[in-house]
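Trainee: Sharing a structure here in structure tokens format.
Laboratory data are not the source of any read-out in this text; all were calculated from the coordinates shown. Keep in mind that what you see is a predicted model, and the values were worked out from it rather than measured. We place every Cβ from the backbone using ideal geometry, glycine too, and count neighbours over all the protein chains shown.
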Amino acid sequence: MAGSGKLANVRLPPLPTVGELIKLYNLRAEKQLSQNFLLDLRLTDKIVRQAGRLKGAHVCEVGPGPGGLTRSILNAGAADLLLVEKDTRFIPGLKLLSEAAPGRVRIVHGDILTYRMDRGFPANISKKWEEVPPNLHIIGNLPFNVATPLIIKWLNNIADRTGPFVFGRTQLTLTFQKEVAERLTASTGSKQRSRLSIMAQYLCTVHNCFTIPGRAFVPKPEVDVGVVHFTPLVQPQIQQPFQLVEKVVRNLFQFRRKHCYKGVEKLFPEACRDELTQEMMQKADVDPTLRPTELTIPHVRALADAYAHLCTREPGLLSYEFREELRLKRLLRKGDTPVDAFMDT
Ligand code: SAM
């Protein structure tokens, strides 16, 4: 069969195992970098399958480390694999993999938080936003302390169609601490419903694929790990700027157990708080006694639209931050003059 013949060509030749490579290059996991490796290729194959069909695909793998997931991506038939790795110690091992898959691997020594992925792939792979996603995937098993800021940055990029999303609706398959994976995918009313649930789900279809027990990693982390798949939506469920939505959602969830109007109140300076809260709740037509965890995305959309309307009418409202007001008040109480307090911001 021609198809299976072609697939045979993309499979890697025999190589030292990932475990042997770790020993060969003395790649001890750095605890302060939260490095936990996956050595079981059946597991890395399973993660890669969540991304969908990779034959002939462009892929960016974030944090390849000793290269277990990298091998699975190559075996799945990726034609162009860009590896972004921060720790130089892994580069020689990754070069070995690159030699085993000639012309298919590019290695970047860099930080994924600052890497310009919009320049990492040719423009001709782009698809219009409304079309099917481009044949470009981002896959990664990153440290937990990087995965959360990174997904927030990429959600912002999805909203603005920048970074990896200049190519269209690029799909992501990433690992998170199990609790974060649950928050990302939590439905309305569930205990895990949080800021992350709303921010991810208003922009993407988010799927919690499966959980990997901590014992599958070397060294074993304290927690289990969830694999999450994201496909950006053609039409975001909230049509307001990311920063505005983020501000509304952050304020809503600062009092998770209280009625949602309590969070809404904090969007407004004290002098006009009651009046504008009432106006916003009425305009949005949301029951003020719902808890933040009970809000659906259409509820949050109505609240964000109502807030945007007030911000257009009341200049300066968008830049108001309750916590900042609180901080200035505390400083003033300590005896600083208003100017000292201001200089301290
Ligand atoms: N992907 C490998 C695996 O599954 O065995 C390694 C996983 S380990 C949890 C995370 C990897 O991400 C490490 O190789 C680490 O050096 C790398 N890394 C950490 N922070 C990074 C960053 N900001 N940019 C790129 N790579 C990073």
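Trainee: Could you give the size of the charge dipole of the range 206-345 about its Cα centre, using +1 on the Cβ of each K and R and -1 on the Cβ of each D and E, expressed in debye and rounded to the nearest 20?
Mentor: On the way: 20 positive and 19 negative charges, 103 e Å.
Its charge dipole is roughly 500 debye.
Trainee: Given the peptides 54-61, 310-317, arrange them by the average over their residues of other C-beta atoms within 10 Å, most packed first.
Mentor: Details: 54-61: 21.0, 310-317: 12.6.
Answer by packing, highest mean first, reads 54-61, 310-317.
Trainee: Structure shown: which of Lys258/Lys334; Lys127/Lys178; Lys153/Lys258; Lys247/Lys283; Lys178/Lys283 lie over 27 Å apart, alpha-carbon to alpha-carbon?
Mentor: Numbers: Lys258/Lys334 30 Å; Lys127/Lys178 32 Å; Lys153/Lys258 29 Å; Lys247/Lys283 18 Å; Lys178/Lys283 37 Å.
Lys258/Lys334; Lys127/Lys178; Lys153/Lys258; Lys178/Lys283, as the Cα separations exceed 27 Å there.
Trainee: Figure the gain on full extension for Leu15 and Lys55 (residue separation times 0.36 nm, minus the Cα-Cα span) and round it to one decimal in nm.
Mentor: Numbers: separation 40, 0.36 × 40 = 14.40 nm, distance 2.12 nm.
Extending this stretch completely gives an extra 12.3 nm.
Trainee: Taking every pair of distinct Cα atoms and averaging 1/r, then inverting, what Kirkwood hydrodynamic radius in Å comes out for the range 1-146?
Mentor: Values: mean 1/r = 0.0631 Å⁻¹.
15.8 Å is the Kirkwood radius here.
Trainee: Using θ = phi - 60° and the Karplus form 6.51 cos²θ - 1.76 cosθ + 1.60, what ³J(HN,Hα) does each residue of the range 320-330 get, whole Hz, x for Gly and Pro?
Mentor: Per residue, the Karplus-derived 3J(HN,Hα) values read 5, 10, 4, 4, 5, 4, 4, 5, 5, 5, 4 Hz.
Trainee: Show me, for the range 169-182, the HN-Hα J-couplings you get by feeding each phi into the Karplus relation (A = 6.51, B = -1.76, C = 1.60, θ = phi - 60°), rounded to Hz, glycine and proline as x.
Mentor: Values, residue by residue: 8, 3, 8, 10, 10, 9, 9, 9, 3, 3, 5, 6, 4, 5 Hz.
Trainee: Okay, moving on. What are the ³J(HN,Hα) couplings of the range 72-81, residue after residue, when phi is run through the Karplus curve with 6.51, -1.76, 1.60 and θ = phi - 60°? Round to Hz, x for glycine and proline.
Mentor: 5, 5, 5, 5, 7, x, 4, 8, 9, 10
Trainee: Something else about it: Compute the helix-to-body angle for 297-313: its Cα long axis versus the longest principal axis of the chain, expressed 0 to 90° and rounded to tens.
Mentor: 50 degrees
Trainee: Next question. With each run of n ≥ 4 DSSP H residues scored as -39500 (n - 2.57), what mean residue ellipticity at 222 nm is computed for the chain after dividing by its residue count and rounding to the nearest 500 deg cm²/dmol?
Mentor: Details: 14 runs with 140 residues, N = 345.
Using -39500 (n - 2.57) per qualifying helix, the result is -12000 deg cm²/dmol.
Trainee: Identify which of Arg291, Arg301, Arg333 has the largest mean-square fluctuation in a Gaussian network model of the chain, with springs joining Cα atoms closer than 10 Å.
Mentor: So, out of Arg291, Arg301, Arg333, the one fluctuating most is Arg333.
Trainee: Of Leu290, Leu328, Leu196, which has the largest mean-square fluctuation in a 10 Å C-alpha GNM of the chain?
Mentor: Looking only at Leu290, Leu328, Leu196, the largest GNM fluctuation is found for Leu328.
Trainee: Give me the Kirkwood hydrodynamic radius of the range 109-181 in Å, from all C-alpha pairs, to one decimal place? Each step should come with its number before you reach the end.
Mentor: On the way: mean 1/r = 0.0775 Å⁻¹.
By the Kirkwood definition, the hydrodynamic radius is 12.9 Å.
Trainee: Let me ask another. Identify which of Thr170, Thr211, Thr289 has the largest mean-square fluctuation in a Gaussian network model of the chain, with springs joining Cα atoms closer than 10 Å.
Mentor: Evaluated over the chain, the most mobile residue of the options is Thr289.
Trainee: If you don't mind, another one. Between 0 and 90 degrees, rounded to the nearest ten: what's the tilt of helix 273-284 against the longest Cα principal axis of the chain?
Mentor: Tilt of helix 273-284: around 60 degrees.
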